[in-house]
Amino acid sequence: MNAPDSLWRVFGRIGILSFGGPAAQIALMHRELVEERQWLSEAGFLRALSFCMLLPGPEAMQLATYSGWKRAGLGGGLVAGLLFVLPGAAVILAIAALYVAYGTMPIVAALFVGIKAAVAVIVIEALLRVARRALAGNAQRVLAALAFAAIFAVGLPFPLIVALAALAGAVFLPTTSTETVPLPANPRLGMTVTVGLGLWWAPVALLALAGQGFLVSVGLFFSKLAVVTFGGAYAVLAYMTQTVVQDYGWLTTPQMMDALGLAETTPGPLILVTEFVGYLAGAAQAGPGMALAAATLTLWVTFVPCFLWVFALAPYIEWIATRPRLAAALAGVSAAVVGVIANLALWFALNVLFAGLGAVTLGPMTVPWPDFGSFQPVPALIAVGAGYLLLRRDVGIPLVLGISSLAGMAFGGLL
């Protein structure tokens, strides 16, 4: 079998089996690409992973794209990246259509109660996992605490938090000396960037010329999201929620919670949650046709930049790996991401455990505060069970979601 056929088969299997979030997806690629086929060396795989963590966007999808590029050039990168995304995107599209059609049925609503309770625990587990990796010292812990306060109490926008954290990391965090690698020549860089930017922005420009204001707003917002998606979908979900719920009014808070729960059950990168959000926003705006257009546009502006970053910067991977200040800036962003995910975990838990939320003023800050009379015991019990299975018994996420959704349906009459 020739190389292109092997590439299609291998990355097609990775795309279909890529459940469980980035850690599981990266482990799957390591087994397929390093252990079984030796397409990448151990050191090369780790350098590629570090490089992808420097980029905005889903690191697992970008690692797949880089691996395909390393194996078979531009065509290989396109094949690998698309096969990593498309199976999950097709599933999300079908689920979004069913959700719009049947999401208000009592049995479906009860199922989602269980899913949301489990996702609250999944976010806490993600917080603990990221914190163990990112908080190596007191300076990183301080950055994480400041980021949490900035988004939870002050309401600073996520892109500003990322920029400030990168600056603080580059200035204040320690660096490690590394061997200097000369800057490589990349004669195709200009062409790559030009074509990538053109593909990225062409649909938005055409929609603007056609007077499609809603779709232009969708394209602009999710394009901005693609630039600031450091730390994965968990880190930007609070920012996404703030914008699509509070600023645009495209979705409700319960719909956003359902969106993440559904994305957890499908293959592919978790940032595919944006496709679900785009579909629901379009459906609320003008029905199924607009829903499909918004979902397609959301996918385009979310993932075209991912290909652009990889194809433009992949030749510099060895050089990037030896920039100590760049590594320190990334460490600062990683620390801030812990604080942002902590905000998301608290937001999710409050919305799962309490039917009503208010706010309390603490000096110059206004923070969310639960209505303790609206405590919901059934979601709380499901969350405790999900926490036991996930955190104590190390049960896989898909099985935990399945058990929790069945529990939600079983106790639906008590809600």
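So how many residues does region 61-75 have that are buried (at least 24 other Cβ atoms within 10 Å of the Cβ) and within 17 Å of VAL304 (Cβ to Cβ)? Show your work before the answer.
Initially, region 61-75 is screened for residues buried (at least 24 other Cβ atoms within 10 Å of the Cβ), giving 61-68.
Now restrict to residues that are within 17 Å of VAL304 (Cβ to Cβ): 61-62, 64-66, 68.
Final tally of qualifying residues: 6.
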Looking at region 134-146, can you tell me whether even one residue there is touching a helix residue (DSSP H, G or I) at 6+ places or on another chain (Cβ under 9 Å), part of a helix (DSSP H, G or I), small (Gly, Ala, Ser) and modelled with pLDDT under 85? yes
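Can you give me the number of residues within region 344-370 that are in contact with a helix residue (DSSP H, G or I) (Cβ under 8 Å, 6 or more places away or on another chain), at pLDDT below 85 and not in a strand (DSSP E or B)?
At the first step, the residues of region 344-370 found to be in contact with a helix residue (DSSP H, G or I) (Cβ under 8 Å, 6 or more places away or on another chain) are 344-349, 351-357, 362, 365-368, 370.
Those left that are additionally at pLDDT below 85: 344-345, 347-348, 351, 355-357, 362, 365-368.
Remaining after also requiring not in a strand (DSSP E or B): 344-345, 347-348, 351, 355-356.
Residues meeting the conditions: 7.
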Name the residue, out of GLY373, GLY332, GLY339, GLY385, that is assigned to a helix (DSSP H, G or I), free of Cβ contacts under 8 Å to residues at least 40 places away in the same chain and surrounded by 17 or more Cβ atoms within 10 Å (Cβ to Cβ). GLY385
Selection status of PRO305, in contact with a Pro (Cβ under 8 Å, 6 or more places away or on another chain) and in a helix (DSSP H, G or I): yes
Only residues in region 82-93 that are closer than 14 Å to VAL277 by Cα and of a type in the set (Gly, Ala, Ser) count as the first member; pair them with residues that are crowded, with 20+ Cβ neighbours inside 10 Å and modelled with pLDDT of 90 or more, Cβ under 9 angstrom, at least 6 apart or cross-chain, and list the lot. ALA89/LEU272; ALA89/GLU275; ALA89/ALA295; ALA89/LEU299; ALA89/PHE303
Is it true that some residue in region 404-414 is at pLDDT 90 or above, under 24 Å from PRO106 (Cβ atoms) and not in a helix (DSSP H, G or I)? no
Hits in region 131-160 - residues which are under 20 Å from the mean Cα position of the chain (by Cα) and of a type in the set (D, E, K, R): ARG132, ARG133
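For THR253, state whether it is farther than 16 Å from PRO305 by Cβ, modelled with pLDDT of 85 or more and within 24 Å of the chain's Cα centre (by Cα).
no
Only one of TYR66, TYR102 is among the hydroxyl-bearing types (Ser, Thr, Tyr), touching a helix residue (DSSP H, G or I) at 6+ places or on another chain (Cβ under 7 Å) and under 16 Å from PRO269 (Cβ atoms). Can you tell me which?
Working: TYR102 fails: under 16 Å from PRO269 (Cβ atoms).
Exactly one residue qualifies, and that residue is TYR66.
For (1) touching a Phe, Trp or Tyr at 6+ places or on another chain (Cβ under 9 Å); (2) aromatic (Phe, Trp, Tyr); (3) assigned to a helix (DSSP H, G or I); (4) surrounded by 24 or more Cβ atoms within 10 Å (Cβ to Cβ), each residue gets a yes or a no:
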site: LEU251; (1), (2), (3), (4): no, no, no, no
site: GLN255; (1), (2), (3), (4): yes, no, yes, no
site: GLY268; (1), (2), (3), (4): yes, no, no, yes
site: ALA281; (1), (2), (3), (4): yes, no, yes, yes
site: ALA291; (1), (2), (3), (4): yes, no, yes, no
Restrict the check to region 31-45 and report whether at least one residue is surrounded by 15 or more Cβ atoms within 10 Å (Cβ to Cβ), modelled with pLDDT under 80 and either in contact with a helix residue (DSSP H, G or I) (Cβ under 9 Å, 6 or more places away or on another chain) or in a helix (DSSP H, G or I) (or both). yes
Could you give every pair whose Cβ atoms fall below 9 Å, whose first residue belongs to region 189-212 and is over 16 Å from THR302 (Cα atoms), and whose second residue is surrounded by fewer than 12 Cβ atoms within 10 Å (Cβ to Cβ), counting only separations of at least 6 or pairs across chains? LEU207/GLY213
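Would you confirm, using the coordinates I've provided, whether ALA118 is in contact with a strand residue (DSSP E or B) (Cβ under 7 Å, 6 or more places away or on another chain) and over 15 Å from GLY332 (Cβ atoms)? Spell out how you get there, then give the answer.
Numbers: in contact with a strand residue (DSSP E or B) (Cβ under 7 Å, 6 or more places away or on another chain): no; over 15 Å from GLY332 (Cβ atoms): yes.
No: the conditions fail for ALA118.
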Among the residues of region 119-130, what is the count of those that are closer than 14 Å to VAL337 by Cα and either at pLDDT 85 or above or over 17 Å from the mean Cα position of the chain (by Cα) (or both)? 2
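A quick yes/no check of all residues on (1) surrounded by fewer than 22 Cβ atoms within 10 Å (Cβ to Cβ); (2) assigned to a helix (DSSP H, G or I); (3) at pLDDT 95 or above:
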{"site": "TRP201", "(1), (2), (3)": "yes, yes, yes"}
{"site": "LEU206", "(1), (2), (3)": "yes, yes, yes"}
{"site": "VAL227", "(1), (2), (3)": "yes, yes, no"}
{"site": "ALA235", "(1), (2), (3)": "no, yes, no"}
{"site": "TYR239", "(1), (2), (3)": "no, yes, no"}
Being closer than 18 Å to GLU264 by Cβ and modelled with pLDDT under 90 narrows it down to one of VAL162, VAL154, VAL85, VAL108, so name that one. VAL108
Residues of region 46-83 being part of a loop (DSSP other than H, G, I, E, B) and over 28 Å from VAL162 (Cα atoms), in sequence order, are none
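The values are calculated or read from the model by the stated rules, or taken from the named source; none is laboratory data. Note that the structure is a prediction, hence the values are computed from the model and not measured. FYI the Cβ positions are ideal-geometry reconstructions off the backbone, even for glycines, and counts take in every protein chain you see.
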